[in-house]
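Note sheet for the following structure.
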Amino acid sequence: MIQPSYLNVFLTFAKNSMIRDMSFRMNFILQCISSLSWAAMNYGLFLIIYQFSDSIGRQTGWGESEFFIFLGTIWIINSLIQTFFMANATEFSEMIRTGNLDFALLKPIDTQFLISFPRVNWAQLANAFLGLAVIIFYLHQLLNDPSKKMDFSIWSVFAYVFFVFCGTVVMYSVMIILASTSIWMGRNQNLHNFWFYITNFYRYPMEIYERGIGWALWGTFTFVVPILVVSNVPARVLAQPLGGHWGLWDWTLATMSVVAAAGSLWVSRCVFRVALKSYRSASS
Amino acid sequence: MIALDYSGSLSFSNLAQTRLLACKHPIYNLAMSIIEINHLSKSYRVYQKQEGVWASIRGLFRREYREVQAVRDISLQVEPGEFVAFLGPNGAGKTTTLKLLSGVINPDSGDCRVMGHVPWERENEYRRRFALVMGQKNQLWWDLPAAESFRLNQHIYAVPLDEFDRTRDELCEMLDVTHLLGQPVRELSLGERMKMELIAALLHSPEVLFLDEPTIGLDVVAQHKIQQFLKAYQEERKNTIVLTSHYMKDIQALCQRVVIIAQGSIFHDGSLDDIIDRFSGDKIVTLQIGGPDEVFQGLRKLPNVLEVEPPRIKFRIGRDDVARTLSDILSTYAVEDIVVEDPPIEEVIAKVFTDAQGGQVDDESHPDIAGVS
Ligand SMILES: Nc1ncnc2c1ncn2[C@@H]1O[C@H](COP(=O)(O)OP(=O)(O)OP(=O)(O)O)[C@@H](O)[C@H]1O
Ligand SMILES: [Mg+2]
């Protein structure tokens, strides 16, 4: 049986988006500048906070360098989501409303794939590079700090990339599930709001929730909607707030990250499939 | 399956009737029909919006819905290589039927096979073999040249490169748009864009093609070009095409078979000539008469005189009366020329639509609905 080449289709999407971005050059540049300045302000804010404190919480190990590695990780995941999925999820909601999803349904290729990737928003990738730069800088600081017992090798890099990937998959799935609900609601402008609420919680090391009613949030965002796992697992692999040795809890979190990625992707496919059954197109 | 009609002449017009007979023999049927629709129905539940603020707040808690029966109990067979038109007033259910056939939406009840596949299961093997073009919608990348959208389709449909290049060049040449391939779609005129849409849909050489108003909004020249193209394309490839259009010219030029759909049901299934025979009892007669103008005085008294412009007179007359009236006239006047023609097709169709919407197609079926088995 003839199979479409998913890679070729994806590369064509990426290329077409690039051509398109380049034909609106000014817009592209402004987008880069605005997202970079957002990141810079974000960074400045935490620099200020770290003037008042050396660490988030006692004995958590999230000192300044560790935390900025965490922050860089957040930027990378956010930027991957915004580059590859944000515009597409919004577009998907719109396709449902206008009936343009019809065309996606006609194509002999996995529909979820087809609606997930058509637009690549290259400008948003700027923050990923910034995140990478920040991470390299602070990792360098940590490795040259004799008081830290870092255990860093090429495997840490592989593990980091892998867990960032898992995290991105979880965030993508959450997004697709949210977008799919527009089929029932007819219109879904909550997508951005939801996204904002959720990302608000995953932007910090999970230890900050480990007190008082914070535990409720901790439980919810670790086990129910595992977004804390998304950011914490890769960040801990590099920053090693409690030293290089992996305890039981680290292994549990790492396993959860993989399970969450596979599980949420599966759930997103189910929700997507069920949602399509209710799709009613639009009268011209 | 070409049948003799009553007058003894060979025609396509009775395909529909013969097909109905064939239905009674299931094996016959299985082997022949490329599109097989049985009792297909689809309704939409639409939210009844109330006017005013209070009513809309009440609507938050208690919603009132209305059922719109877009397609009701349609049964139809199409044979390989047929070029069928769906004709019907706005809101008749033509587009909905095409969407069901393309598997874009699910029906409420009924059954359908296209090339042996159930469309709404959306198997890739099925989706690779047909195409849907919607004149009111655009599926090309708006900001990019059409060539990029074509390339994308090549990858999605996994068309081998050499075959793709050949088909694309051939289609572009036929439609005369090769020079526009590099221009962003948003800068193309409606007609040019429509041609590109067609090409995009044909790159994978679909065996079945659904065209929903492919000539909507086009000027006469562009319309004609697309007709010619479709005709040539279909003659060459012998694929099966279902087309909807509100332009009778499209249908006259292309389709041997016309299915009239009104209020979600099939109202008539046959050739255009059939429609005229069935729905128009009149002929238009034009006479050219020699002699002084006074001779027209008598003729002016004929009922339904449309136009008198000596030496010509044009009048409308019941089909059954044509022979008698003409022989009367011939024996009285010095007739130099006679033209007997059908009334304009648009007029007949308008009458059919009015009939179809006036009659209760709802429950008890129209006494002489053809094509509903
Ligand atoms: N997605 C939808 N939601 C609600 N109602 C719909 C939807 N699609 C179609 N309808 C209704 O179903 C009926 C048939 O619509 P359809 O688009 O099939 O008509 P059509 O024959 O294509 O008409 P036209 O010639 O105007 O294109 C109409 O009354 C329309 O309002
Ligand atoms: Mg329509």
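Excluding residues on the same chain fewer than 8 positions from B:K99, give the lysines whose Cα lies under 16 Å from its Cα.
A:K107, A:K277, B:K42, B:K137
Would you compute, from DSSP H runs of 4+ residues alone, the mean residue ellipticity of chain A at 222 nm, taking -39500 (n - 2.57) per run and dividing by the full residue count, rounded to the nearest 500? Don't skip to the answer; put the middle values down first.
Details: 13 runs with 199 residues, N = 284.
So the helix-based figure for chain A works out to -23000 deg cm²/dmol.
Could you list the residues of segment A:59-86 with an amide nitrogen less than 13 Å from a label point located 7 Å from the Cα of A:L30 in the Cα-to-C-beta direction?
Counting backbone N atoms under 13 Å from the label point, the list is empty.
Please give me the summed charge of the neighbours of B:Q288: other residues whose Cβ is under 9 Å from its Cβ, Lys and Arg +1, Asp and Glu -1.
Values: positive: B:R312; negative: B:E336, B:D337.
Counting the neighbours of B:Q288, the net charge comes to -1.
With N set to the number of residues, divide the alpha-carbon radius of gyration of segment B:50-162 by 2.2 N^0.38 Å and report two decimals. Don't skip to the answer; put the middle values down first.
Values: Rg = 19.5 Å, N = 113, 2.2 N^0.38 = 13.3 Å.
Output field value: 1.47.
Please sort through the DSSP H helices of chain A and keep those with an alpha-carbon extent of at least 20 Å along the long axis and a Kyte-Doolittle average not below -1.0. Provide the component values of the computation, followed by the final result.
Working: long enough: A:6-23 (26 Å, 0.28); A:25-52 (42 Å, 0.95); A:64-81 (26 Å, 1.36); A:126-143 (26 Å, 1.74); A:154-180 (39 Å, 2.10); A:248-277 (43 Å, 0.97).
Answer set is A:6-23, A:25-52, A:64-81, A:126-143, A:154-180, A:248-277.
What does DSSP give for chain B in terms of the percent of beta bridges that are antiparallel, rounded to the nearest 5? Before the final figure, lay out each step's value.
Values: 41 of 59 bridges.
About 70 percent, rounded to the nearest 5.
Take every Cα pair under 8 Å in chain B that's 6+ residues apart, average their separations, divide by the length, and report that relative contact order as a whole percent. Don't jump to the answer; show the numbers that get you there.
Numbers: 608 pairs, mean separation 69.3, N = 373.
Over chain B, the number comes to 19 percent.
Inside 10 Å of the C-beta atoms of B:114-125, what's the mean count of C-beta atoms belonging to other chains?
Details: counts 0, 0, 0, 0, 0, 0, 3, 0, 6, 1, 8, 3.
Taking the mean over all residues of the peptide, I get 2.
Please list B:H179, A:H192 in order of solvent-accessible area, largest first, computed with a 1.4 Å probe with all protein chains present.
Details: B:H179 135, A:H192 95 Å².
Sorted by accessible area, descending: B:H179, A:H192.
Between A:F165 and B:Y65, what FRET efficiency follows from the Cβ-Cβ distance if R0 is 51 Å, with the result rounded to 0.05?
Working: r = 45 Å, r/R0 = 0.88.
According to the calculation, E is roughly 0.70.
Could you work out the mean projected area of the convex hull around the alpha carbons of the protein assembly as shown, in square nanometres to one decimal? Working shown, then result.
Details: hull surface 163.6 nm².
That works out to 40.9 nm², a quarter of the Cα hull's surface.
Just to verify a number: FRET efficiency for B:K137 and A:F158, C-beta to C-beta distance, R0 = 60 Å, to 0.05?
Values: r = 46 Å, r/R0 = 0.77.
Given R0 = 60 Å and the Cβ-Cβ separation, E is 0.85.
Run the dipole for the protein assembly as shown about the Cα centre, Lys and Arg Cβ at +1, Asp and Glu Cβ at -1, nothing else charged, and hand back the magnitude in debye, nearest 20. Walk me through the intermediate numbers first.
Details: 57 positive and 68 negative charges, 503 e Å.
Using Cβ point charges on Lys, Arg, Asp and Glu, the protein assembly as shown gives about 2420 debye.
Under a cut-off of 22 Å between alpha-carbon atoms, report the lysines in cross-link reach of B:K314, not counting same-chain residues fewer than 8 places apart.
Qualifying lysines at Cα under 22 Å: B:K283, B:K301, B:K351.
Return the distance in nm (one decimal) between the two label points of a simple spin-label model at B:E307 and B:D162, each offset 7 Å from Cα along Cα→Cβ.
5.8 nm
So how many Å³ per residue does the convex hull of the Cα atoms of segment A:6-277 work out to?
On the way: hull volume 39.1 nm³, N = 272.
Convex hull volume per residue, Cα atoms: 144 Å³.
Between A:F113 and A:S23, what is the label-to-label distance in nm when each label sits 7 Å out along the Cα-to-Cβ direction?
Here the answer is 2.6 nm between the modelled labels.
Got a number for the accessible area of B:E187? Probe 1.4 Å, square angstrom, nearest 10.
Accessible area, nearest 10 Å²: 100 Å².
Given the whole protein assembly as supplied and a 1.4 Å probe, what does the accessible area of A:L238 come to in Å², nearest 10?
Probe radius 1.4 Å; accessible area of A:L238 about 10 Å².
Taking a spot 7 Å from the Cα of B:T325 along the direction of its beta carbon, which residues of segment B:275-303 have an amide N less than 13 Å from it?
The answer is B:281-287, B:299-303.
Evaluate E = 1/(1 + (r/R0)^6) for A:V274 and B:S109, where r is the Cβ-Cβ distance and R0 equals 22 Å; express this FRET efficiency to the nearest 0.05.
On the way: r = 20 Å, r/R0 = 0.93.
For A:V274 and B:S109, the calculated efficiency is 0.60.
Can you tell me the order of A:223-233, B:218-228 when each peptide is scored by its average per-residue count of other Cβ atoms within 10 angstrom, highest first?
Values: A:223-233: 22.8, B:218-228: 16.5.
Per-residue mean Cβ counts within 10 Å order the peptides as A:223-233, B:218-228.
At 0.36 nm per residue, and after removing the present C-alpha to C-alpha distance, how many nm does the segment from B:N38 to B:E346 gain when stretched out fully? Could the numbers behind the result be given before it?
On the way: separation 308, 0.36 × 308 = 110.88 nm, distance 3.01 nm.
Extra length from B:N38 to B:E346 when fully extended: 107.9 nm.
Give, to the nearest whole percent, the P(r) tail of chain B beyond 37 angstrom, counting all Cα pairs. Numbers along the way, then the final one.
Values: 24202 of 69378 pairs.
Above the 37 Å cut-off, chain B has 35 percent of its Cα pairs.
In nm, to one decimal, how far is the B:E121 label point from the A:W38 one, both placed 7 Å along Cα→Cβ?
With each label point 7 Å from Cα toward Cβ, the separation is 4.5 nm.
Given a 1.4 Å probe and heavy atoms of the protein chains only, how would you sort B:R166, A:R269, largest accessible area at the top?
Numbers: B:R166 145, A:R269 90 Å².
Per-residue accessible area, sorted high to low, gives B:R166, A:R269.
Once the whole set of protein chains is in place, how much accessible area is left on A:T220, using a 1.4 Å probe, in Å² to the nearest 10?
60 Å²
So what is the relative contact order for segment A:1-116, in percent, with contacts set as C-alpha pairs under 8 Å and at least six apart? Write out the running numbers ahead of the final one.
Numbers: 28 pairs, mean separation 20.8, N = 116.
Here the relative contact order equals 18 percent.
State which helices in chain B qualify, where a helix is a whole DSSP H run, it must extend 30 Å or more along its own axis by its Cα atoms, and its mean Kyte-Doolittle hydropathy must be at least -0.5.
Values: long enough: none.
Both cut-offs are met by no helix.
Taking Cα pairs under 8 Å and at least six residues apart, what relative contact order does segment A:6-277 come out at, in percent?
Values: 307 pairs, mean separation 72.2, N = 272.
That works out to 27 percent.
The values are calculated or read from the model by the stated rules, or taken from the named source; none is laboratory data. Note that this is a predicted model, so its numbers are computed, not measured. Cβ sites come from the backbone with ideal geometry, for glycine too, and all protein chains shown count toward neighbours. Note: areas computed on protein heavy atoms with side chains; ligands, DNA, RNA excluded. Shrake-Rupley method; radii C 1.70, N 1.55, O 1.52, S 1.80 Å.
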